[in-house]
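Only one structure is covered here, and it is reproduced in the block below.
What follows draws every value from the coordinates through simple rules; no lab data is involved. Given the structure is predicted, the values throughout are model-derived calculations rather than measurements. Glycine also receives a Cβ, built like all others from the backbone with ideal geometry; neighbour counts cover every protein chain displayed.
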Amino acid sequence: MGIYYQLEHKEKNTKARLGKLKTNHGVFETPMFMPVGTKATVKSLSPEELYDMHCGIILANTYHLWLRPGEDIIKKAGGLHQFMNYKGPILTDSGGFQVFSLAKNKEKDICEEGVHFKSHIDGKKLFLTPELSIEIQNKLDSDIAMSFDECPPASASYEYLKQSVERTLRWAKRGKDAHQNKNQALFGIVQGGAHKDLRKHSAIETVKMNFDGYSIGGVANDGESKEEMYQAIDYSIPYLPEDKVRYLMGIGEPLDIIEAVIRGVDIFDCVLPTRIARHGQAFTRFGKINFHNAKFKEDFSKLEEDCDCYTCKNYTKAYLRHLITTNEMLGARLLSIHNIAFLIRLTEELRKAIQDDCILEYKKDIEKKYLQKK
RNA sequence: GCGGUAUUGGUGAAGUGGUUAACACGCUGGUUUGUGGCACCAGUAUGCAAGAGUUCGAUCCUCUUAUACCGCC
C-alpha cells in the first residue's frame with residue numbers, strides 16, 4: 001500500500017508543518033530525523049535499540065547492499081526488515097550520491113543510460129542505471145525507494161546543472177516506469193543547485209510524475225554554503241504539493257534542521273551524528289563538544305543533565321573522554337546513541353513548537369544556547 | 001679507581017660545522033551534512049646533558065664536569 005502522508009498542522013508564522021507518515025511498518029510524526037544505516041546497520045547501534053529510541057525511520061543504501069551482500073540474498077532473507085531485524089520503516093537511498101563520489105571522470109562516466117564507476121571494495125567496473133537501482137530497491141523491499149538521480153555540487157556550472165536536471169528528470173521517469181513493488185513508495189528528487197529557475201523547473205516536472213513523496217537533493221555533497229542550501233529549499237518548496245512528504249537529503253546539523261523545518265521540510269537524514277561520534281564529538285544544547293579536549297579529563301558530570309538517553313543516564317564526561325582518547329569502541333557507540341537521541345529529541349521539540357505556533361521563538365532560544373558554547 | 005661507549009622535545013628516535021633540528025607516537029586545538037576510508041587539517045624542542053674553548057660560525061670538533069651502561073682491577 002506504499003505510504004500516506006497526513007498534514008496535521010501548519011505553523012502560523014512560517015512554512016513549518018506537523019504531519020504523520022503512515023507506512024507498512026508503522027506511523028511516525030514529522031518533522032523527523034532519519035539515522036543513516038548505510039550497510040543495513042546504523043554503525044554501533046542495534047536495530048532494537050534504534051527502534052526503542054523512537055527513531056521514526058532509518059536509511060539504508062542501495063549501492064552498498066547491492067555490492068554486499070547482494071539484493072538477492074536480502075530478498076531470500078525476506079527483505080531488508082527481516083534481514084536486519086528492524087521493525088520500523090526503512091528508506092533506501094538510490095545510490096545516486098555514491099555515483100557522485102565514486103565516478104572519477106564525470107563527463108565520461110555519467111552517460112544517458114546510467115553511470116559507470118568502480119567498486120570501492122575491489123575496483124571492479126560497475127554500471128548502475130535508474131532501472132537497476134529501482135529493481136534492487138524493489139528486492140530490498142524498503143518502505144520507501146528513492147529515484148536514481150545525478151547529484152552534482154551547487155558549484156557546478158549553470159549549463160551543467162541545467163543538463164543534469166533534465167537527465168535526472170528522464171531518469172526519474174525511467175525509474176518510475178520500472179518500479180514494480182506495490183508495497184513500496186517511490187520518491188522523486190528535485191535538483192538544480194542554488195538556481196531559482198532550475199529548482200522550479202525540476203520541482204514542477206518531478207511533481208508531474210506523481211511520486212509518493214519529494215526530496216530536495218544536492219545540498220550536502222561538496223561544500224555547499226548555508227545560503228545555497230536555503231536557496232535550494234526555498235526555490236523548491238513552493239512547487240511541492242502539500243499532501244506529500246518532503247525530505248531534505250543529507251542534512252543534519254541541528255541549526256540546519258531547524259532552518260529547513262521552518263522552510264517547510266519534513267524529513268532529514270545525515271551521517272553526522274554517527275560520524276562525529278566516531279571522531280569523539282557530541283551534540284549538546286550548548287553546541288558541539290569535543291571529547292578530545294583536555295578540559296573533560298576530570299569532568300564527572302553527565303554529558304547532558306536533562307537528556308534521557310542511555311549514555312547520559314549512565315556515564316560521565318570523564319569516562320566518555322577516556323573511551324574516546326583510548327579509541328575504545330564503546331566510546332563511539334555511546335556518543336552515537338546520544339547524538340541520535342539528541343536529533344530525535346530536537347525534532348520532537350520542533351513538532352511541539354509547530355503545534356504551539358511558536359517555532360520562531362523556539363529557534364531563537366536554541367540558537368542562543370547552541371552558539372554560545374559552553 | 002682505570003678504560004670504553006653514550007647523553008637530541010612528553011616518548012621513540014633521525015641528523016648536519018652554516019638560513020626555520022627529519023619522521024613517528026603523544027599532547028593541544030579544529031573540521032566532518034543522501035558514510036569507500038575511527039578520517040582529515042593545524043599547532044607543538046629560541047634548542048640538541050652542563051660549563052668552557054677552537055672557529056667568521058657549533059647540536060655536530062676539543063677539554064672539564066655530571067649521569068647511564070659495558071669491561072678491568
If you find the alpha carbon centre of the stretch A:344-367 and of the stretch A:309-324, how far apart are they in angstrom?
-> 27 Å
For A:Lys76 and A:Lys368 in one chain, what is 0.36 nm times their gap in residues minus the Cα-Cα distance, to one decimal in nm?
-> 100.0 nm
Final fewest-first order of A:Cys55, A:Cys270, A:Cys111 on the 10 Å Cβ neighbour count is A:Cys111, A:Cys270, A:Cys55
Take A:Glu159, A:Glu135 and order them by how many other Cβ atoms sit within 10 Å, fewest up front.
-> A:Glu159, A:Glu135
Estimated dipole of chain A in Debye, rounded to 20 [Cβ of Lys and Arg +1, of Asp and Glu -1, Cα centre] | 540 debye
Between 0 and 90°, nearest 10: helix A:359-372 axis offset from chain A longest Cα axis = 60 degrees
Rounded FRET efficiency, nearest 0.05, which uses the C-beta distance separating A:Glu8 from A:Glu159 and R0 of 51 Å = 0.75
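Rounded to the nearest 5, what % of the DSSP beta bridges within chain A are antiparallel ones?
Once the DSSP bridges in chain A are tallied, antiparallel ones form about 45 percent.
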Specify the inter-centroid distance of the stretch A:89-132 and the stretch A:25-52, based on alpha-carbon positions, in whole Å.
-> 25 Å
Virtual paramagnetic centre 7 Å along Cα→Cβ of A:Glu349, amide N under 12 Å, in the stretch A:258-275 = A:258
Sticking with the crude label model, points 7 Å out along Cα→Cβ, report the distance from A:Lys196 to A:Ala318 in nm, one decimal please.
-> 5.8 nm
Two pseudo-spin positions, 7 Å from Cα along C-beta at A:Ser225 and at A:Arg170, lie apart in nanometres by 3.3 nm
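At 222 nm, what value in deg cm²/dmol follows for chain A if DSSP H runs of at least 4 each add -39500 (n - 2.57) and the sum is divided by all its residues, to the nearest 500? Let's see the in-between values first.
On the way: 16 runs with 162 residues, N = 374.
Rounded to the nearest 500, the figure is -13000 deg cm²/dmol.
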Compute the FRET efficiency between A:Asn85 and A:Glu107 as 1/(1 + (r/R0)^6), taking r as their Cβ-Cβ distance and R0 = 41 Å, and round to the nearest 0.05.
-> 0.45
